[in-house]
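Let me begin by presenting the structure, written as structure tokens, before commenting on it.
The values are calculated or read from the model by the stated rules, or taken from the named source; none is laboratory data. Just so it is clear, the structure is predicted and the values come from calculations on it, not from any experiment. Virtual Cβ from ideal backbone geometry, glycine too; neighbours counted across all protein chains shown. Heads up: the accessible areas ignore ligands, DNA and RNA and are worked out on the full protein's heavy atoms, side chains in. Shrake-Rupley method; radii C 1.70, N 1.55, O 1.52, S 1.80 Å.
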Amino acid sequence: MTSTDEKVGYEPKSKYTSQTAAAGVETALRFLEGRWKLVILFHLFGGRVMRFSELERAIPDISQKMLIQQLRALENDGIVRRVVYPEVPPKVEYRLTDWGQALCPALDALLTWAEQKPETPAA
């Protein structure tokens, strides 16, 4: 049996208006903007802890300067946690915060959505 909203053809009430939803999406995308942030996040999902050099090897096309900038931005936004161990040479590890890890289902849904793109007919 279909739900009432499907029969009548209206959307269930949302806590967002079109204006607040647009503003919220814009805010969320600001956290993730940049060519490399999502790539970095995918490497850290699932509770993975990686050192800077491991991230460099995992993302060979990123420059060291850009990796540093993107990691700092993710850390400042509370998505990535940086842990520095007081030893020589310094050991620095990166992991997602709980809030950062909470992005995983949303990004999985985005991947699923992208896979469903219909084939475009040849011209």
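Of note:
- Considering region 49-61, the residues that are in a helix (DSSP H, G or I) and out of contact with any strand residue (DSSP E or B) (no Cβ under 6 Å at 6 or more places or on another chain) include one that is most open to solvent (accessible area, probe 1.4 Å), namely R57.
- Any hit, region 63-71, residues being modelled with pLDDT of 85 or more, assigned to a loop (DSSP other than H, G, I, E, B) and either out of contact with any Leu (no Cβ under 6 Å at 6 or more places or on another chain) or open to solvent by less than 60 Å² (accessible area, probe 1.4 Å) (or both): yes
- Checked against the criterion of being hydrophobic (A, V, I, L, M, F, W, C), open to solvent by 50 Å² or more (accessible area, probe 1.4 Å) and not in a helix (DSSP H, G or I), the candidates V39, V84, V92 yield just one match: V84.
- Among the residues of region 104-112, at least one is over 11 Å from the mean Cα position of the chain (by Cα) and among the aliphatic types (A, V, I, L, M).
- Of all residues making up region 64-98, the number that are farther than 12 Å from F52 by Cβ, of a type in the set (K, R) and touching a Phe, Trp or Tyr at 6+ places or on another chain (Cβ under 9 Å): 1
- Failed condition for G46, given (1) part of a helix (DSSP H, G or I); (2) surrounded by 10 or more Cβ atoms within 10 Å (Cβ to Cβ): (2)
- Members of region 95-110 that are open to solvent by less than 70 Å² (accessible area, probe 1.4 Å), out of contact with any helix residue (DSSP H, G or I) (no Cβ under 8 Å at 6 or more places or on another chain) and not in a loop (DSSP other than H, G, I, E, B): A106, A109
- Checked against the criterion of being touching a residue at least 24 places away in the same chain (Cβ under 8 Å) and more than 19 Å from E33 (Cβ to Cβ), region 98-109 contains one or more residues that satisfy it.
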